[in-house]
Structure formats: structure tokens, C-alpha cells
1. When the residues of region 300-329 are filtered to those that are part of a helix (DSSP H, G or I) and touching a Leu at 6+ places or on another chain (Cβ under 7 Å), which remaining residue is farthest from Ile105 (Cα to Cα)?
2. So the check is Cβ under 9 Å with 6+ separation or different chains; which pairs have a first residue in region 256-280 that's over 15 Å from Tyr200 (Cα atoms) and a second one that's open to solvent by 80 Å² or more (accessible area, probe 1.4 Å) and among the basic types (Lys, Arg)?
3. Do we have any residue at all in region 229-237 that's modelled with pLDDT of 95 or more, of a type in the set (S, T, N, Q) and touching a Ser or Thr at 6+ places or on another chain (Cβ under 9 Å)?
4. Please verify whether Ala303 is among the small types (Gly, Ala, Ser) and free of Cβ contacts under 8 Å to residues at least 60 places away in the same chain, treating the condition exactly as stated.
5. For region 164-273, which fully contained strands (runs of 3 or more DSSP E) count at least 3 residues that are open to solvent by less than 30 Å² (accessible area, probe 1.4 Å)?
6. Report yes if Ala54 is among the small types (Gly, Ala, Ser), in contact with a helix residue (DSSP H, G or I) (Cβ under 6 Å, 6 or more places away or on another chain), buried (at least 17 other Cβ atoms within 10 Å of the Cβ) and assigned to a strand (DSSP E or B), otherwise no.
7. In region 104-118, is there at least one residue being in a helix (DSSP H, G or I), open to solvent by less than 10 Å² (accessible area, probe 1.4 Å) and more than 27 Å from Trp251 (Cβ to Cβ)?
8. Yes or no: Phe95 buried (at least 19 other Cβ atoms within 10 Å of the Cβ), among the aromatic types (Phe, Trp, Tyr), within 25 Å of Gln295 (Cβ to Cβ) and in contact with a strand residue (DSSP E or B) (Cβ under 9 Å, 6 or more places away or on another chain)?
Amino acid sequence: MKEYRKHLTAVLLAIISIAVLAGCNSDASKASGKSDPLKVHIALNGKMGPLVIAKEKGLFNEEFSKLDAQIEWSEFQSGPPLLESLASNRVDLSFLGDGALIAGIDKNLPFEVIAQTGRGESSVRILAQAKGNIKQIEDLKGKTVGVASGTTGHVYLIKALKAHGLTTDDIKLINLQPDDAQAAFETKKLDAWAIWNPYYLNNIEKGNAVALKVKGKILAPGAIIARNGFAKEQPEIVEAYLKVYKKAADWQIENPDEASEIYAKETKLPVSTVKTIITAEKPNIFFTEDAIKAQQESIDTLAGVGYIKKSFNFKNHINNEYIDEAFKK
């Protein structure tokens with residue numbers, strides 16, 4: 001019993017000592033005016049895009065160190081799972097494709113649209129098996145089509161079907177995240193697949209797929225977002241984020257070869273394939289009228305098929321405050 005008491009006393013003294021030291025360190029930190037850096041949660045949405053460049057090149061370091069902020073990175077295959085983390089305050093800044101963006105606004109999730117990523121003219125296609133019997137959109141009727149529900153690929157598919165007199169009721173829709181859909185497509189479990197780059201071009205170049213032609217031009221613009229509470233409390237961080245995002249986008253435009261090498265390392269794709277993708281369309285964070293119009297058309301289309309509760313005015317959900325302040329002349 002005496003030995004037990006001695007042991008217990010020693011443990012209690014150790015705990016007290018640790019507590020005292022911790023308090024002293026905390027007091028010393030307060031006395032010196034130092035505090036822990038602000039943790040900023042930035043989410044990568046896929047393995048390509050200016051955020052990947054910014055992370056690889058350390059472009060956030062200078063801007064964020066001025067504001068005593070540090071980044072905690074996370075990564076998602078697509079927008080819908082990213083939205084779940086954003087809703088639970090685990091994501092502060094990121095970007096979304098039009099599908100997740102529209103669904104998130106429709107559900108009143110806590111984020112605001114602060115810029116765009118580009119027009120999305122070359123980013124999405126509907127693939128069919130290279131040796132299959134699907135030659136045009138109309139041939140999709142009754143076929144098994146894979147897509148990640150709620151993504152930009154899903155929106156593209158709905159709009160493409162509508163342009164050819166079909167709806168998702170005319171096909172057998174299978175909800176699959178990109179990597180799972182890739183495996184299903186390769187094993188012929190899918191007749192077709194609505195998907196974005198780098199997946200679609202990689203499959204075409206490997207001879208696995210053909211891209212179906214669609215009437216008209218379907219744009220799939222993405223948007224840069226900030227969580228409401230975070231943006232309100234840390235506007236300078238949001239502005240710094242936009243500055244770095246644009247710096248990375250400009251660097252990619254000016255250095256396509258090196259950028260291709262970075263993306264190829266991340267995606268395990270040939271450098272030539274990556275270069276074709278990133279030079280097909282330049283990133284642009286400033287909203288264009290055709291991109292806004294395309295978003296509104298997507299909203300109206302999704303409301304028309306019942307995917308979202310009702311249509312809304314996209315312009316009313318754009319907050320230009322941060323981008324104007326970040327790039328004021």
C-alpha cells in the first residue's frame with residue numbers, strides 16, 4: 001500500500017508539474033504577444049488546377065505568413081463530399097464545379113461564391129466504349145451511364161440529354177465517384193460515362209473511349225468559394241487566397257511545360273496528355289458574362305428536371321467584395 005501511495009503521489013506531482021509548465025508557457029506566450037498561427041483549411045478538388053500548383057510551389061507561404069496563418073490541406077475527388085466537409089466547418093476555402101456549386105446554393109450551405117475558375121468549355125465530355133455500339137447521344141437510351149451525382153459531369157449529362165430530346169429517365173444512371181467509374185468503364189460495366197478532365201482525355205488517348213458529339217456548346221464553369229463564417233471573420237485571408245490562386249493560374253499559363261510536369265506527377269498521366277488539357281483553356285478568376293449565363297442555364301435546367309427545389313438568380317449569389325479588394329487598382 002505504501003508503495004502504491006508513493007507511486008500515486010509521484011504521478012500527481014508529475015501532472016501538477018506539467019500543468020504548471022504549460023501555464024507558464026501560455027503566460028510567457030501571452031506576455032511576448034505571440035499566439036498560435038491561424039489554421040486555414042483549404043481543400044483540393046481533384047489533382048489538377050492552380051491550387052495544386054500553389055501547394056507544390058509554396059506560393060501561399062509568403063502571403064499567409066504576413067497574416068500569421070498556416071494551411072491545413074485536404075483533398076476530395078469531387079465537389080459533393082467536399083460540400084459535406086464545408087458544412088461541418090472542416091473546409092474554409094476551395095473551388096467547386098457547377099453541379100456541386102448549384103446544389104450547395106440550393107441547400108443553403110454556408111459558403112459564398114467569390115470568383116470563378118474559368119468558362120469550362122473543354123472540361124467535361126460524355127464517353128462511350130470505343131468498340132461499343134453507341135455512336136451518338138440518342139444511342140444512350142436504355143444504356144448504363146456512370147456519373148458522380150451532383151457534379152459538373154452530372155449537370156453536363158442532363159443538359160446534353162435535354163439537347164437531344166432525352167432525360168435521365170431514359171438511361172440507367174449509376175452514381176460513381178471518378179476512380180470507381182474508371183474501373184467500371186474499363187471492365188465494360190458502363191456503356192458510357194459523363195466525366196471531366198483529366199479522365200476523359202486520358203481514356204480517349206488510351207483508345208478506351210470516344211467522346212460523343214453534343215448539339216451546341218455546353219459550358220461548365222467552376223467557382224471559387226469561401227465558407228461564410230470564415231470569410232466574415234478573416235477577409236484578409238480570403239483576399240490573400242485569391243491573390244495566390246491568380247498567381248498560380250498565371251504561372252501555369254506562362255510555364256505550361258513545368259506545370260504539366262507537376263500535374264503529371266500528381267495524376268500519373270503522360271506529360272503530353274496533361275499539357276493538352278491545361279493549354280486547351282486558360283484559367284480566369286474574373287467572372288465573364290458567358291460563364292454567368294451558362295451557370296444560370298444550368299440552374300434553370302436542374303430546376304426544370306427537379307434536381308434542385310427551384311430556380312434562383314445566380315448573380316445574387318456572387319460576392320465580388322473580396323476579389324475587388326484583392327485586385328483594386
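The values are calculated or read from the model by the stated rules, or taken from the named source; none is laboratory data. Just so you know, these numbers come straight off a predicted model, no measurement behind them. Counting neighbours? That spans all protein chains shown, and the Cβs are built from the backbone with ideal geometry, glycine included. Side chains are part of the model used for accessible areas, which takes the heavy atoms of the whole protein and leaves out ligands, DNA and RNA. Shrake-Rupley method; radii C 1.70, N 1.55, O 1.52, S 1.80 Å.
1. Ala326
2. These pairs meet every condition: Ile262/Lys57; Tyr263/Lys47; Glu266/Lys47.
3. No, region 229-237 contains no residue that is modelled with pLDDT of 95 or more, of a type in the set (S, T, N, Q) and touching a Ser or Thr at 6+ places or on another chain (Cβ under 9 Å).
4. For Ala303, the condition - among the small types (Gly, Ala, Ser) and free of Cβ contacts under 8 Å to residues at least 60 places away in the same chain - is met.
5. Counting at least 3 such residues, we get 192-196, 222-227.
6. When the stated conditions are applied, Ala54 does not pass them.
7. yes
8. yes
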